[in-house]
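Student: First the structure, then my questions, so here it is.
Please treat every number below as a calculation from the coordinates, not as lab data. Values in this document were obtained by computation on a predicted structure and should not be read as measured data. Using ideal geometry, Cβ is built from the backbone for each residue, glycine included, and neighbour counts are taken over all protein chains shown.
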Amino acid sequence: MTSRRSRRARLIVSFSAAVTTCLTLASTASGDPGQDDLAATPPMGWNSWNTFGCDINEQLIRDTADAIVASGMRDAGYRYINIDDCWAEPERNAEGELEPHHERFPSGIKAMADYVHDKGLKLGIYTSAGTRTCADTMPGALGHEEVDARTFADWGVDYLKYDNCNNQGVPATERYAAMGEALRATGRPIVYSVCEWGENAPWEWAPDVGAHLWRTTDDIKPAWDTGNTDDFPMGVVNIIDANGKLAEYAGLGDWNDPDMLEVGVYDVEGYPGLTDTEAVAHFSMWSIMASPLIAGNDVRDMPENIQRILTNREVIAVNQDALGRQGAPVRDDGDREVWVKELADGSRAVALFNRGGEAATITTTAEEIGAGPAARYVLRDLWTHTETETDGEISAEVPSHGVTLLRVKPKR
Ligand code: GLA
């Protein structure tokens with residue numbers, strides 16, 4: 001296994017054309033397959049599962065692509081339109097290939113790829129590293145990795161989410177390496193999203209099987225706190241606790257994936273959904289954790305406040321920052337936490353996170369967040385888009401289940 005540090009170093013070097021040859025040799029010699037810049041920053045897009053489950057069809061995909069463009073989400077950075085479980089016929093065809101579901105995707109998946117590509121978007125698809133997918137409506141790819149990867153590439157697919165159900169007890173590293181190899185063999189650039197729920201510490205091996213991102217927890221639901229630390233279903237704070245411990249494993253091209261966004265997802269499976277304050281906190285924390293931003297709401301019918309959250313470019317800029325750091329907590333006073341993410345321009349993103357049931361004042365200092373010595377600092381609030389100055393103390397009144405997200409810079 002190659003070390004993450006050396007892999008990241010190579011990724012950075014890859015931006016220099018002058019050393020391309022050396023780099024190729026080094027990459028081949030080390031056996032590190034995932035080295036590319038397909039997901040240099042955390043992938044952004046949309047996925048059908050959180051709102052629609054198995055109730056998907058080709059019109060939904062076309063309308064969603066249209067809405068991603070019309071809502072400004074594409075121009076804010078959302079690129080991947082990802083079709084989750086239930087898109088295929090229940091059995092393979094006579095050639096052993098997957099077939100798009102005859103009734104729900106009569107035009108086929110290639111037609112979906114062509115449609116989204118025409119709009120400057122990319123297409124993602126889903127299957128499981130098992131004999132059947134999780135919803136058990138279609139075959140999985142275990143033992144069929146080559147033919148399925150080839151099918152996806154032929155259709156023009158750009159992203160694969162590879163799940164963990166019905167895996168027959170085959171070790172995860174073997175199953176995910178087989179698909180990584182098959183994807184690479186197609187020659188098509190395909191983002192590889194490992195979805196084994198953090199069961200086998202994928203942060204330790206997923207980069208070496210070519211993955212760009214890997215789920216760190218069980219499935220999210222539109223809930224603040226389900227009380228589960230590591231079981232289905234997980235709420236927003238439960239996932240933050242698990243994923244927040246893994247900051248050292250993230251970096252350019254390699255992302256911890258704390259599951260898809262529940263911003264604007266309401267009334268699903270008995271969950272009423274997050275409050276607006278909770279949705280802002282969820283989006284802020286996914287941004288500071290450099291998490292993939294995969295929206296899960298019905299973007300065809302999106303309230304303005306939800307659109308504003310999902311397209312807040314200042315918050316997205318924190319998530320997509322070129323340094324590729326995952327933010328981490330520097331202070332934990334019970335329900336009051338301070339999280340910091342170092343940014344490429346030397347500034348710091350700071351999340352003042354109130355997990356408690358009452359509004360609270362949360363305080364830190366420029367020194368504690370590592371903002372560097374200066375006489376004055378500029379604090380930019382990334383949700384109100386306003387600036388204040390301080391000589392060191394950073395403090396805000398934060399609503400219950402809320403986040404105040406700041407960008408802190410020394411004043412020059
Ligand atoms: C698993 C995954 C989910 C979703 C479903 C589909 O539970 O973790 O994200 O893809 O399967 O069945």
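Student: Could you check segment 32-90 and list, in sequence order, the residues that are in contact with a helix residue (DSSP H, G or I) (Cβ under 8 Å, 6 or more places away or on another chain) and polar (S, T, N, Q)?
Tutor: Q35, T41, S48, T64, S71
Student: Taking segment 105-128 only, how many residues are within 15 Å of the ligand (Cβ to nearest atom) and either out of contact with any helix residue (DSSP H, G or I) (no Cβ under 9 Å at 6 or more places or on another chain) or assigned to a loop (DSSP other than H, G, I, E, B) (or both)?
Tutor: 2
Student: Return the total of residues in segment 63-87 being more than 16 Å from the ligand (Cβ to nearest atom) and either small (G, A, S) or in contact with a Ser or Thr (Cβ under 9 Å, 6 or more places away or on another chain) (or both). Quick ask: steps written out before the conclusion?
Tutor: Of segment 63-87, the ones more than 16 Å from the ligand (Cβ to nearest atom) are 63-79.
Among the residues that remain, those that are also either small (G, A, S) or in contact with a Ser or Thr (Cβ under 9 Å, 6 or more places away or on another chain) (or both) are: 64-65, 67, 70-73, 75-78.
Selection size over segment 63-87: 11.
Student: A further question on this structure: Restricting to segment 229-251, give me the number of residues that are within 14 Å of the ligand (Cβ to nearest atom) and farther than 17 Å from A290 by Cα.
Tutor: Number of matching residues: 5.
Student: Can you pull out the residues in segment 196-210 that are within 15 Å of the ligand (Cβ to nearest atom), without any contact (Cβ under 8 Å) to a residue 40 or more places away in the chain and part of a loop (DSSP other than H, G, I, E, B)?
Tutor: Selection gives W197, E199, N200.
Student: Suppose we filter L160, L213 for residues that are crowded, with 19+ Cβ neighbours inside 10 Å, within 18 Å of the chain's Cα centre (by Cα), touching a residue at least 40 places away in the same chain (Cβ under 8 Å) and under 18 Å from W255 (Cα atoms); which single one remains?
Tutor: L213
Conditions tested, residue by residue: (1) free of Cβ contacts under 8 Å to residues at least 12 places away in the same chain; (2) closer than 18 Å to A281 by Cβ; (3) surrounded by fewer than 20 Cβ atoms within 10 Å (Cβ to Cβ).
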| position | (1), (2), (3) |
| --- | --- |
| N305 | no, yes, yes |
| E314 | no, yes, yes |
| W339 | no, yes, no |
| A344 | no, no, yes |
| A349 | no, yes, no |
| G356 | no, yes, yes |
| T365 | no, no, yes |
| L379 | no, no, no |
| L382 | no, yes, no |
